[in-house]
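Reviewing the structure listed below.
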Amino acid sequence: MYFQDRTHAGQELATVLSKYDGKQDTLLLALPRGGVPVAYVIARQLNLPLDVLLVRKLGVPGQQELAMGAIAEDNILYINRDIVRQLDIPPAVIENIIIRETEELNRRRQLYRHDRPAPQIEGKTIIVVDDGLATGATMHAAVNALRQANVKRLIVAVPVGADSTCRELEAYADEVVCLYTPYPFNGVGRWYEDFSQTSDREVEKLLMKARTQSRSYQE
C-alpha cells in the first residue's frame, strides 16, 4: 500500500511535478471521476488551472476494455483503424457506439461544466492526471484525443500503474510520470488505503474550488 487516499497521492505527484509550478502555458486535465481529487491537490500546490478532460473510449463490443477509438469534446474523434480492420467491426456498429458514448459525454459535460466552454488546449502543455493505470484504455483514448488537438507538450501523470501500461504510453506522450509500478499489479485500488468511489458531486465541488483558486492566482 502506497497511498492513504487520492489526496495523499496528489501530494506525492505534485512534488515530482514541481518544475511546472506556476507555468503560464500549463493546464491540468483530470480524467473523471477518480482523477479529479488527485489533480485538485496538484493544482492547489503548483498554482495551476484545473479542468476535466471529457473523453469516452469506444470499446470493442464484447471486449469493453479494448478501445477501438475515442471521442472527446470539440468533436474530436479518433479511430484505431488497425483494430477495426483486424476485428472486422462493421461501420454501423461503430456509429451506434459513437452515438451512445456521445450521449454520456454530453451528460457529463452538462454535469461538470454547465454552460462553460471547454478549456483552450491547443499550443499548451497539458498534464493528464488519473488515480492509476491498469489496462490504460481510457488514458490511451485521452492521449490520442489530445494529439488531435495539437497540444504543445503532453504529460501523463499517475500515482501508480502497471509497468507495461506506463511503458506503452511513453510511445505516445512526451513524458510519463508514474510514481510506482508494482508487480504483480492486481488493480489500482490495492495500492490505496481508502479507494472509495468519487461522486459526481465531489467532482463538481472540487472543480468549483479549483476555478476560484485559479482566478485568485491571476489577480
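Restricting to the range 162-219, name every residue that is among the aromatic types (Phe, Trp, Tyr) and part of a loop (DSSP other than H, G, I, E, B).
Hits for the range 162-219 are 172, 183, 185, 195.
Look at residue 94 and say whether it is modelled with pLDDT of 95 or more, touching a helix residue (DSSP H, G or I) at 6+ places or on another chain (Cβ under 9 Å), hydrophobic (A, V, I, L, M, F, W, C) and part of a helix (DSSP H, G or I).
For residue 94, the condition - modelled with pLDDT of 95 or more, touching a helix residue (DSSP H, G or I) at 6+ places or on another chain (Cβ under 9 Å), hydrophobic (A, V, I, L, M, F, W, C) and part of a helix (DSSP H, G or I) - is met.
Can you name the residue in the range 108-136 that is under 21 Å from residue 9 (Cβ atoms) and β-branched (Val, Ile, Thr) and is also surrounded by the most Cβ atoms within 10 Å (Cβ to Cβ) among such residues?
By that ranking, first place goes to 129.
Would you confirm whether any residue within the range 184-202 is buried (at least 17 other Cβ atoms within 10 Å of the Cβ), at pLDDT below 95 and out of contact with any helix residue (DSSP H, G or I) (no Cβ under 7 Å at 6 or more places or on another chain)?
Looking through the range 184-202, at least one residue is buried (at least 17 other Cβ atoms within 10 Å of the Cβ), at pLDDT below 95 and out of contact with any helix residue (DSSP H, G or I) (no Cβ under 7 Å at 6 or more places or on another chain).
Kindly indicate whether any position in the range 20-35 is without any contact (Cβ under 8 Å) to a residue 24 or more places away in the chain and of a type outside the set (S, T, N, Q). Can you show your working first?
As a first pass, look at the range 20-35 and keep what is without any contact (Cβ under 8 Å) to a residue 24 or more places away in the chain: 24.
Applying the additional criterion that residues be of a type outside the set (S, T, N, Q) yields none.
The answer is no, given that none of the residues of the range 20-35 is without any contact (Cβ under 8 Å) to a residue 24 or more places away in the chain and of a type outside the set (S, T, N, Q).
Restricting the search to the range 119-136, which residues are part of a loop (DSSP other than H, G, I, E, B) and farther than 22 Å from residue 203 by Cα?
Listed by number, the residues that qualify are 122, 123, 124, 135.
Is it fair to say residue 93 is β-branched (Val, Ile, Thr) and surrounded by fewer than 16 Cβ atoms within 10 Å (Cβ to Cβ)?
yes
The values are calculated or read from the model by the stated rules, or taken from the named source; none is laboratory data. Keep in mind that this is a model prediction, so the values were computed, not measured. Quick reminder, even Gly has a Cβ in these numbers, built from the backbone with ideal geometry, and neighbours come from all protein chains shown.
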